[in-house]
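Have a look at the structure below, then the notes.
The values are calculated or read from the model by the stated rules, or taken from the named source; none is laboratory data. Small disclaimer: the values here were computed from a predicted structure and weren't measured. No Cβ is skipped: glycine too gets one built from the backbone with ideal geometry, and neighbour counts run over all protein chains shown. Surface areas here come from the heavy atoms of the whole protein model, side chains and all, with no ligands, DNA or RNA. Shrake-Rupley method; radii C 1.70, N 1.55, O 1.52, S 1.80 Å.
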Amino acid sequence: MTILSVRARPAETAVPAGLRVGVLALQGDFREHAQVLRELGASVDLVRRSEELAPLDGLVIPGGESSVMDKLARTFGLAEPLRAAIRGGLPIYGTCAGLIMLADTVLDGITGQQSLGGLDIAVRRNAFGSQTASFETDLDIPALGKQPVHAVFIRAPVVETVGPRATALATLDDGRCVAVEQGNLLGTSFHPEITGEYRFHRYFLQKVAAAVRR
Amino acid sequence: MTESISAEQFGSSRVKRGLSEMLKGGVIMDVVTAAQARIAEDAGAVAVMALERVPADIRSQGGVARMSDPDLIDSIIAEVNIPVMAKARIGHFVEAQILEVLGVDYIDESEVLSPADYVNHIDKWNFTLPFVCGATNLGEALRRINEGAAMIRSKGEAGTGDVSEATKHIRTINGEIKRLTSMSRDELYVAAKELQAPYELVAEIASTGKLPVVLFTAGGVATPADAAMMMQLGADGVFVGSGVFKSGNPEQRAAAIVRAVTFYDDAKVIAEVSRGLGEAMVGINVSDIPAPHRLASRGW
């Protein structure tokens, strides 16, 4: 009846202290991301304005409605600064809607929908159909270790084309790609932030730490 | 991990509640035609609620209000890419079955329609789709969650443009949650009895300080300031019923309410988006509506 999510304990593997990570807070489950990042030791800013980008070492774009995030980002002058940050090498992790925002090409977007781009991929929005087709499953993701990743797909996108500059990290049994990385960018179709799965965020924070050192 | 690799699970609690999480910080708008659904999506609605008449019209025209015609729901699903919700009458599990087959994303078991059962609500665990249900207080919210609701919507008084009941209901729910967090276990047993809700759920809320599902607010929201006030009072998002399409300039008002919800704590932005919106819905004061005609009292 009452489903309490059992949070996996953050493992001891080092996430450097003192990293300042933003979570784009225009719409969606940004508080869940902020919570995971804080538990992993990052200092977290909720970001809604372009001037809030400057002090960040990394950024997470959460799940939500990609069309709404796109509109609000453009309305409030955040889209161009975000594109500049991506070009400048800011590490960014996007889940679901966030993955769509980071894709160079969006298929089945709403009329006029734009993405920020950065990942050399084509993403199909809402690729599984309506909410009755949303599901949870376990994924084998060697880059994160032996234990499978429990993944929740909610009206989720899939990566339909992985371009030469991007690397697929995870696929479903039917071969469709659901997690990618490219340099400092990371994207997943699913939502580690709502399942107590910390490994993606830790993996991301390691990218952030590496970028800070450079 | 109990499941084996690649065993896919549909309609689990996590998948249902997960969709609610993704709608947070968003505005869900009532629409009665595909053209209105287009306006709502273009304005930045996070989802649309497909229905035949907005609550203001249900109120003025009277009669029995039921689930919408499947053709209307189909036309709205075909028009937009954002999630589509639709309303079933309280207790009318067959209307809910129909909505699931039609391929909507979310079912609202709603007091705005005429109840089909004055004793039982729908057993929402039986469905793959998530349900949102209205509540005026914590006990009602917990009974709905116990029946499987994946989102609670504080009721307000739909179709009035008067936000006072929405204010009252969200304050009541959050106030009762706060009260639980200060109670000892022996007091929680009594609280569960008084709330007419399961002890386990009451104890969980006492320890987490929040509902286990997302809490939106609804009923009488007509301006960007109304929406922002609901967010400041602790709502995760806002339903706007008659407030958009019964106003003078739906496109602009819809976009303004979306912006006000994102920047709910920034009075400068709310002031800016409130300019030149034209006429708000005329509305009626809740105090002028005789008690038997108030929709919020439906649901038990």
Subject >> Where labels lie 7 Å past Cα in the beta-carbon direction, separation of B:Arg275 and A:Glu39 in nm >> reply: 4.4
Original post:
Quick one: ranking A:Thr167, A:Thr132 by accessible area, 1.4 Å probe, largest first, what do you get?
Top reply: A:Thr167, A:Thr132
Original post:
Say the cut-off is 20 Å between C-alpha atoms; which of B:Lys16/B:Lys178; B:Lys24/B:Lys155; B:Lys16/B:Lys87 go over it?
Top reply: B:Lys16/B:Lys178
Subject >> Counting DSSP beta bridges with both ends in chain A, the antiparallel % (nearest 5) >> reply: 50
Original post:
Over the C-alpha atoms of the stretch B:138-194, what are the Rg and the largest Cα-to-Cα span, Dmax, in Å?
Top reply: 13.3, 42
Original post:
Which value, in debye to the nearest 20, gives the size of the charge dipole of the stretch B:14-278 about its Cα centre, when Lys and Arg are +1 and Asp and Glu are -1 at the Cβ?
Top reply: 560
Original post:
Computed FRET efficiency, Cβ-Cβ of A:Val212 and A:Glu80, R0 35 Å: what is it to the nearest 0.05?
Top reply: 0.90
Original post:
Averaged over A:61-72, how many beta carbons belonging to a partner chain fall within 10 Å of each residue's beta carbon?
Top reply: 6
Subject >> Test item: B:18-31 mean partner chain Cβ contacts at 10 Å >> reply: 6
Subject >> Sequence-separation-based contact order of the stretch A:120-176, relative, with Cα cut under 8 Å and 6+ spacing, percent >> reply: 45
**OP:** Evaluate the distance, in nm, between pseudo-label points positioned 7 Å from the Cα of B:Ser114 and of B:Asp69 along their respective Cα→Cβ axes.
**Re:** 1.9
Original post:
If you average the sequence gap of Cα pairs under 8 Å that are 6 or more apart and divide by the length of chain B, what percent do you get for the contact order?
Top reply: 19
Original post:
So for B:Arg144, B:Arg179, B:Arg38, what's the accessible-area order with a 1.4 Å probe, most first?
Top reply: B:Arg179, B:Arg38, B:Arg144
Original post:
Counting only DSSP beta bridges with both residues in the protein assembly as shown, what percent are antiparallel, rounded to the nearest 5?
Top reply: 30
Original post:
How many Å³ per residue does the convex hull of the Cα positions in chain B occupy?
Top reply: 141
Original post:
Cβ under 11 Å from A:His201's Cβ, A:His201 left aside: what net charge do those residues give with Lys, Arg +1 and Asp, Glu -1?
Top reply: 0
**OP:** Quick one, can you get me the convex hull of the C-alpha atoms of the stretch B:188-296 expressed as volume per residue in Å³?
**Re:** 132
**OP:** With the cut-off at 19 Å, report for the stretch B:1-106 the share of all Cα pairs above it, as a whole percent.
**Re:** 51
**OP:** Go through the stretch B:224-239 residue by residue and turn each phi into a ³J(HN,Hα) via Karplus (6.51, -1.76, 1.60, θ = phi - 60°); whole Hz please, and just put x for glycine and proline.
**Re:** x, 5, 4, 5, 5, 5, 4, 5, 5, 7, x, 6, 8, x, 9, 9
**OP:** Indicate, rounded to the nearest 5 percent, the antiparallel portion of the DSSP beta bridges found entirely in chain B.
**Re:** 0
Subject >> Contour minus Cα-Cα distance for B:Arg171 and B:Gln196 (0.36 nm per residue) >> reply: 7.1 nm
Subject >> Kirkwood hydrodynamic radius of chain A, from inverse mean 1/r over distinct Cα pairs, in Å >> reply: 17.0
Original post:
What number, in percent, do you get for the relative contact order of chain A if the mean sequence gap of Cα pairs under 8 Å and at least 6 apart is divided by its residue count?
Top reply: 20
**OP:** Return the single residue from B:Ser110, B:Ser184, B:Ser274 with maximal mean-square fluctuation; model: Gaussian network over chain B, springs between Cα atoms under 10 Å.
**Re:** B:Ser184
Subject >> Mean residue ellipticity (222 nm) of chain A, computed from DSSP H runs ≥ 4 via -39,500 (n - 2.57), nearest 500 >> reply: -7000 deg cm²/dmol
**OP:** Grab the eigenvalues of the alpha-carbon gyration tensor for the protein assembly as shown, scale each by 5, take roots, and send me the semi-axes largest first in whole angstrom.
**Re:** 36, 26, 22
